[in-house]
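Right, one structure below, let's go through it.
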Amino acid sequence: MDWDAEGLLDGLDGDARDGRRELLDALHGDGASVDELRAAVDGDRLVLLPIERALLSAPSYTLAEVAEHARLPREVVETRLRSMGVSVPEDANVRSFGEEDVEAANRLRAYLDAGVPLEAGRSVMHVMSGAMARTAEPLRRLFAEAYLRPGDSERELGERYAEMTRALMPLVAADLDYLMRHQLRDHARNDALGAAERSSGVLADSAEVAVAFADIVGFTQLGQEVPEAQLSDIAERLDDLATEHVRRPARVVKTIGDAVMVVSPDAAELVDAMLRLVEAASGAEGFPPLRAGVAFGRAVPRLGDWFGPTVNLAARVTQRARPESVLITSEVRDALRDGAADRFVLHEAGVKRLKGIADPVPVIRVRRPSADPD
């Protein structure tokens with residue numbers, strides 16, 4: 001192929017020109033079309049094209065053909081793919097799907113045959129897609145930086161990235177499987193399935209749970225004083241601290257910029273986790289203080305998150321906590337098991353009016369016995 005005539009070597013000379021030509025030849029020989037290569041050059045992502053081609057097989061099926069292989073209606077497969085974040089072209093005749101898409105459609109068929117409701121499965125896949133999108137970005141940066149060398153030609157870097165992808169993706173896939181199995185096992189160990197649920201065959205819409213938030217004191221003001229990159233580092237450190245100091249049966253639900261949400265069926269374990277987290281932040285050099293609030297009651301689990309008045313109450317209580325302190329509601333105090341007196345010292349902290357909560361709420365400040373000033 002005459003890449004000069006195609007205009008894909010414009011502006012290059014010497015080694016850079018030779019490297020571009022070699023990479024174009026290699027990709028074209030591997031089945032990349034001229035239009036695909038031109039789009040990659042125009043988008044300054046030619047060196048990343050080998051990664052794309054190493055991750056997924058070449059597109060060779062239409063959507064209808066994918067559905068036919070799985071013996072499913074085309075509309076069902078399309079809805080499933082869209083819920084997973086997979087691009088579906090408007091033109092039904094475009095061959096934009098590969099072998100992996102056929103395998104995904106066949107898995108959908110297996111889910112349905114096993115009795116998994118279509119709509120419930122779609123919602124779960126939507127959540128999984130969002131989690132994978134958040135995972136893919138830091139993973140991309142990690143690998144891209146690890147394999148980037150000064151003075152690389154496009155051919156050298158493209159080949160190295162392709163080799164990296166083929167070598168590391170099986171490891172990443174195995175880690176994802178490993179993590180999912182651990183998470184499901186932890187849920188199985190800590191969840192309960194009551195007689196009413198076994199009798200009715202329907203899971204309860206809500207559960208009794210302790211809910212906590214911990215947030216960075218003065219984060220909004222901090223955002224006006226430090227660079228965005230430093231602010232991002234602080235939020236990332238909060239996530240790291242939560243991962244390190246929140247232990248089962250308590251678990252991190254999500255991080256929201258300057259805050260982390262944690263739940264547990266055991267109120268004492270959640271209070272203990274919040275104390276550890278606040279203490280860890282206090283001892284971390286250069287990290288702003290945290291404050292935390294804990295509530296206990298019924299909440300609704302949905303797609304990896306929790307909703308309801310108990311969640312809202314925990315968030316509002318957190319906002320009234322002092323720096324480096326943990327506030328709990330009276331329901332949390334009542335839910336603490338025998339022996340909690342050896343672990344915590346409780347001090348009445350008055351009755352607070354909280355935004356969005358109709359009635360004033362009594363709150364209690366909780367400390368370690370060794371940290372009790374009295």
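Summary table
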| quantity | calculated |
| --- | --- |
| Residue among Arg298, Arg333 that alone is within 12 Å of Ala210 (Cα to Cα), open to solvent by 70 Å² or more (accessible area, probe 1.4 Å), at pLDDT 90 or above and part of a helix (DSSP H, G or I) | Arg333 |
| Residue list for segment 256-286, restricted to those being over 23 Å from the mean Cα position of the chain (by Cα) and over 24 Å from Pro369 (Cα atoms) | Glu285, Gly286 |
| Tally, over segment 257-267, of residues that are under 14 Å from Asp240 (Cβ atoms) and not in a strand (DSSP E or B) | 0 |
| Any hit, segment 274-291, residues being surrounded by fewer than 18 Cβ atoms within 10 Å (Cβ to Cβ) and of a type in the set (Ser, Thr, Tyr) | yes |
| Unmet criterion (only one of (1) open to solvent by less than 80 Å² (accessible area, probe 1.4 Å); (2) over 26 Å from Ala295 (Cβ atoms); (3) modelled with pLDDT under 80) for Asp177 | (3) |
| Inter-residue pairs, beta-carbon under 8 Å, first within 11 Å of Asp258 (Cβ to Cβ) and small (Gly, Ala, Ser) and in segment 223-234, second modelled with pLDDT of 65 or more and not in a loop (DSSP other than H, G, I, E, B), 6+ apart | Gly223/Leu231 |
| Flag for His69 being open to solvent by 70 Å² or more (accessible area, probe 1.4 Å), within 26 Å of Val102 (Cα to Cα) and free of Cβ contacts under 8 Å to residues at least 60 places away in the same chain | yes |
| Unique residue being open to solvent by less than 70 Å² (accessible area, probe 1.4 Å) and assigned to a strand (DSSP E or B) when the list is Leu270, Leu327, Leu313 | Leu327 |
| Top-ranked residue in segment 75-106 [being part of a helix (DSSP H, G or I), open to solvent by 50 Å² or more (accessible area, probe 1.4 Å) and touching a residue at least 12 places away in the same chain (Cβ under 8 Å); ranked as nearest to Ala58 (Cα to Cα)] | Glu99 |
| Any hit, segment 107-128, residues being exposed (fewer than 15 other Cβ atoms within 10 Å of the Cβ), basic (Lys, Arg), over 30 Å from Gly304 (Cβ atoms) and out of contact with any Cys (no Cβ under 7 Å at 6 or more places or on another chain) | no |
| Test: residue in segment 98-108 that is among the hydrophobic types (A, V, I, L, M, F, W, C) and closer than 28 Å to Tyr147 by Cα | no |
| Segment 142-167, subset in a helix (DSSP H, G or I) and charged (D, E, K, R), residue farthest from Gly14 (Cα to Cα) | Arg166 |
| Test for Leu241: is it open to solvent by less than 40 Å² (accessible area, probe 1.4 Å), among the aliphatic types (A, V, I, L, M), modelled with pLDDT under 80 and not in a strand (DSSP E or B) | no |
| Condition met for Ala133 (among the small types (Gly, Ala, Ser), modelled with pLDDT under 85, open to solvent by 60 Å² or more (accessible area, probe 1.4 Å) and in a helix (DSSP H, G or I)) | yes |
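The values are calculated or read from the model by the stated rules, or taken from the named source; none is laboratory data. Here the structure is a predicted model, which means the values were calculated and not measured. Cβ: placed from backbone, ideal geometry, glycine included. Neighbour counts: every protein chain shown. The accessibility values were calculated without ligands, DNA or RNA, using every heavy atom of the protein model including side chains. Shrake-Rupley method; radii C 1.70, N 1.55, O 1.52, S 1.80 Å.
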